[in-house]
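A short write-up of the structure that comes next.
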Amino acid sequence: TFFCFHSDIYFFNICLEDCLSSLWKHILHVSDAVDIFLWSDTFQLVSVKLTKAAGQDLEAKELSVVLDGVDASPKCIAFGREVYSLLGFFISVGCWLVGRFFLSNELYTKSGNNQFACIACHPTEDCIATGHADGKIRLWRNFYHKKDYTFSTLHWHHDTVMDLAFSMEGTSLLSGGVESVLVLWHNESNCQKDFLPRLGSAIEYISMSSDGTLCCTLHTDNRITIINSNLRFSKSIQGLIKSRDVKTGLVVDPRTKALVLNGEPGHLQFYCLQSDQQLFSLDIVQRQYIHQAGLNQADLVKVAFSAQGKWLATVEEREEVTDPELQLKLWLYDEETQSFKLNTRINMPHEDHITDMCFREMDELEDDSLILVTAGRDCVFKVWVMVEDTDPEGSVSWSCDFVGSYHNYQATNCCFSEDGSLLAVSFEETVTVWDSITWDLKCTFCHPPGKIRNICFGRLTCSKYLIGATDYGFLCCWNLLSCALEWSAHLNVLVLQPDPLSEHIAAVSWLSKESSLFVFKPNEPRPIYIQRNLCKEKIQLAAFVPRDEPETIVSEKYHWLRRSQLFFLTDTQELMTLSTKSLEERLTPSSKQLAVEESLPVTPFSLLLGKHRRQQSHEDIDLGKQVHNKHKQDSPAVKELLHTPAHVLPSASFLCPIFINSLLISKENKSAEEVADEVEMESEKTEDDSDEERGVTEMEQEDTSAMELLGEMTRKLSKSQEKELRKIRKMDYSWISAF
């Protein structure tokens, strides 16, 4: 199966539940003259006449507009047995409009909102099925006669029918909606229908395989479900779950280094960034979610891990008109089940919504130093500690140990210093610093106007600094030793994220409808990295994910990414990252690189070969060489040709010229300096060979003592050594001036 995302097409193996390949350039191959129907940006249905051509690029000369005002959704147009239909409700044959059909206003007032939502054409009969916002399905017939058309009604869905699909023979009809239930209608009858419930989330698209044995559903949470023809669940392809709203932020699990955020309603998803798969989902709310608009249901809003990942704290709340319902839960990781188990449940930990929370863990080996701090809109922050229960099992639970406040202001953010000795809590426009042992107020910082939006402590050599961003567009750095403002910058910072393994801090700003990235150290007000126009979407969340091993980065510009990788989440829930790899490495799918590496047998020779390759790569980096493969074997085009399944490739006659051209070496591209270097290398090689021959003859004739060689003779460099010295002289050592 395959699906499209932006300008990419992804191919999945439904048996292995894995992505086989992806195409980042859509190629249209035409065998004969055909008519192509396209949606334009102005919401028009356009017919384009394409003719057969040998090249890849075709020029469309014959273009005609079939209909204006077409919806941009692909589910609003369907192709049938000599007919294609569009929502509106229009019927067309070829490029001739047959008729327009509407539901009367009287029917609208009696049955509710009968607005068209989706459409499907019968594969063998002149029948069209339409789904409506009132949950009904209407089957239209005899539409060639404008006044004598008829329709029948099927009804089970309580909300909008989101998509429809006929079976290959046309004997059954599939429908789906927000109920997360796939309905199979037999013989177009209300009495004969089967159900496949509990599919996880609303069904957005339905597709049938060409042989009719499998059905594929795409859900609103970014899940693909493969279903057998007998309505039995077969496979599920799940990456990052798309939630309605990511309220928990982007959190990194210290154990698995997985990205943790909102998943299914009331669940916490653990997403593996390397494999693009969900590790597991943790049910936090532990209540059945009802898919109905207007219901106020409990949702997960805050998440925090301890430093070693042993403890997990979650906050769930439900919006009510009078008083909100809050629950603070503490989860302990169980080594036997390899999952988290609920340890403590605290009802109404605050009188109003919890705005932030964080753990303190000073001693990694002892749980006595473990502290949880929560900040709330009830103008207080609370300190929670572990206490031993009185039961004979000797288990522990959590209780409140201290409550702090500042001038009855709302507490908005909280964080601990690296050593855990200080706690910073922001109260609207003021940042307060507390001693985490005695809970005495040490100092306060303020930079009006504007409330504090984000705060964080510096790390390692910059641990004496406290960084804060205001909603009025200021980024401030305070010195904790002098209790004074070190520097400030006028910058509208939405996200402030420190790297847990270095002194670097990433700040994402939003200005002129574009997001920009600034990376800096607190002791230096000038950023070390700036990336303007990072994306057009507004970045809401960010997280540094530690690498398994520090990455070797040649460019000094990206040295701050050596130990951690930075990820962003936009307001459209697109997950992005900054990459230090080249364009070709990024375009080549990582799954293919892993497949090539894993295919090598683990033998002494393969281990020796791998060690030799690693040493050779390090030598190339040290000497500043750029290895150039003459045959371009690492070209993404060649790799795609070798790894793409044969049934999705175009004809061999079309690919052969492209493949041959990719193997040719253009002599015109060589500069005069490169040609001179090649001639010089050849002459030096000849001289080196002659030097070696003369050296053998001289060694036989030499009769000089070691003292005479050291005292009287001066060592003369060979041609190869002189060549290495010339290369060293050409290297750029300007980077030393930075030290």
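Each value in this text was obtained by applying a stated rule to the coordinates, not by laboratory testing. Quantities reported herein were computed from a predicted structural model and do not represent experimental measurements. Cβ placement follows ideal geometry from the backbone for every residue including glycine, while neighbour counts extend to all protein chains displayed.
Suppose each label sits 7 Å from its Cα in the direction of the beta carbon; what would the S662-V65 distance come out to in nanometres?
Placing both labels 7 Å along Cα→Cβ, they lie 4.1 nm apart.
Which distance in nm do the two modelled labels at Y289 and E125 give, with both placed 7 Å along the Cα-to-Cβ direction?
Roughly 3.8 nm, to one decimal.
Given the peptides 251-262, 517-528, 331-342, arrange them by the average over their residues of other C-beta atoms within 10 Å, most packed first.
251-262, 517-528, 331-342
For region 297-587, rounded, prolate or oblate, judged on the Cα gyration tensor with a ≥ b ≥ c (square roots of eigenvalues), a/c < 1.5 rounded, else prolate if a/b > b/c?
Prolate shape, in that a/c is at least 1.5 and a/b is the bigger ratio.
As a quick test, which of the pairs K302/K536; K247/K341; K257/K464; K557/K727; K257/K302; K521/K581 have an alpha carbon distance above 20 angstrom in this structure?
K302/K536; K247/K341; K257/K464; K557/K727; K521/K581
When a/c is below 1.5 the answer is rounded, else prolate if a/b is larger than b/c, else oblate, so apply that to region 309-460 with a ≥ b ≥ c taken from the square roots of the Cα gyration tensor eigenvalues.
Cα axes put region 309-460 in the oblate bin.
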